[in-house]
Amino acid sequence: MDDLTKKKRVRGGHRASASKLVAKIMEAIPKASPESPEKDLVWLRQSQITLRDKINMLKELDEQVIDILSASKDEDVDEQLGKEIEDSDEAIAELERTLLQLNDALGKLGGQSLMPMLTQTNLTSAEGNLDQSHVSISSAGKIIRAKLPKLRLRNFGGKICEWPEFWHGFSSSMDNNDQLSDVDKFAYLHGYLEGPAKSTIAGLSLTGANYKCAVELLKKRFEKKNAVQRAHVNELKQLPAVYKERDTQRLRKLYDSCEANNRTLKALGVNEDSYSAIVVPTIMEKLPEQFRLTIT
């Protein structure tokens, strides 16, 4: 089986699965009401996340199929490409229409607290948007609400040195937000995780009771101070070398990476003397020869 056939077969399986999910969602929406059992509302929220993930996965598979076709030397490749793009657009459009209907239904059922990340179908998995408001009281005693710029929180894929930054941002905007229920916090958390991090909490159903369990599992795996320290030291040791003196772009990137990791290690309370003997010679070897001579 060639690669193109394999990709199309996998995509066909995901399209069939998504179609079944759409049918179930469209059947459940008319029956949903604020008085519906909590398990039915939880299922709708879970379906919202699953459908969004399906859309992203199908888009990725579509791109892979189109890339393979584009590299083909067949005479009728242009016709195949046109039909492929048209079919992909129609399939994705149908799923996105269903997702929009589901988002509207959840909003009417009291799901307005769900963040834009869960209601915008064109949002990439790499970043999410959170609306922030700052409240202050004027000298006249009036409450003034200032609209602040959107806060961007990066997804967490399991890179241990990125855990502190991710969790500080998430806990500040989500975990400590008293206006959010635990089930909504879990929905946000689930949407921000990918790769090994997402696998860590796989199997936990989207319920308020499981939110704290999910947080504990993530902290147990990624909140390890010594491991974070080692990860930053390894980052310094594995920085790409720069061989040309005039390659200012790569030299700047090397410098910025050194500074960033060094500042993080200081913030973690790591003494420079404990790693400089290993890291400094390694970094010196990554610099152009003239730079090394000048420093020496």
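Set Lys and Arg Cβ to +1 and Asp and Glu Cβ to -1, take the dipole of segment 33-95 about its Cα centre, and tell me which of 50, 66, 81 lies farthest positive.
50
What's the Cα-based Rg to Rh of segment 1-109, Rh via Kirkwood?
1.11
Residues with beta-carbon under 14 Å from that of residue 210, excluding residue 210: net charge, scoring Lys, Arg +1 and Asp, Glu -1?
0
Could you pull out the GluC sites (Glu not before Pro) across segment 63-99 that fall in loop regions by DSSP (anything but H, G, I, E, B) with no more than 14 other Cβ atoms inside 10 Å?
Those satisfying the criteria are 75.
Once phi is turned into ³J(HN,Hα) by the Karplus curve 6.51 cos²θ - 1.76 cosθ + 1.60 with θ = phi - 60°, what whole-Hz value does each residue of segment 255-263 show in order, with x for glycine and proline?
Per residue, the Karplus-derived 3J(HN,Hα) values read 4, 4, 5, 4, 4, 4, 5, 5, 5 Hz.
If you place +1 on the Cβ of every Lys and Arg and -1 on the Cβ of every Asp and Glu, how big does the dipole about the Cα centre of segment 1-109 come out, in debye to the nearest 20?
Using only the charged Cβ atoms, the result is roughly 820 debye.
Taking R0 as 22 Å, what FRET efficiency do you get between residue 3 and residue 97 from their Cβ-Cβ distance, rounded to the nearest 0.05?
Rounded to the nearest 0.05, the efficiency is 0.10.
Place the peptides 182-194, 234-246 in order of packing, highest mean first, counting for every residue the other Cβ atoms within 10 Å and averaging per peptide.
In decreasing order of mean packing, 182-194, 234-246 become 182-194, 234-246.
Please give me the summed charge of the neighbours of residue 53: other residues whose Cβ is under 12 Å from its Cβ, Lys and Arg +1, Asp and Glu -1.
For residues surrounding residue 53, the net value is +2.
Just add up the charged neighbours of residue 34: K/R +1, D/E -1, any other residue whose Cβ is under 13 Å from the Cβ of residue 34.
-1
Residue farthest toward the positive end of the dipole of segment 168-286, with Cβ of Lys/Arg at +1 and Asp/Glu at -1: which of 218, 249, 168?
249
How far apart, in nm, are the 7 Å Cα→Cβ label points at residue 245 and residue 108?
Label at residue 245, label at residue 108, 7.1 nm between them.
Spin-label point model (7 Å from Cα, Cβ direction): what's the residue 33 to residue 53 distance in nm?
For the pair residue 33/residue 53, the computed spacing is 3.2 nm.
What value in Å³ per residue do you get for the convex hull of the alpha-carbon atoms in segment 158-237?
82 Å³
For segment 225-295, count the residues as N, evaluate 2.2 N^0.38 Å, and divide the Cα radius of gyration by that value, please.
So segment 225-295 has a normalised radius of gyration of 1.13.
Laboratory data are not the source of any read-out in this text; all were calculated from the coordinates shown. Small disclaimer: the values here were computed from a predicted structure and weren't measured. Here Cβ is always computed from backbone atoms with ideal geometry, including for glycine, and neighbour counts include all displayed protein chains.
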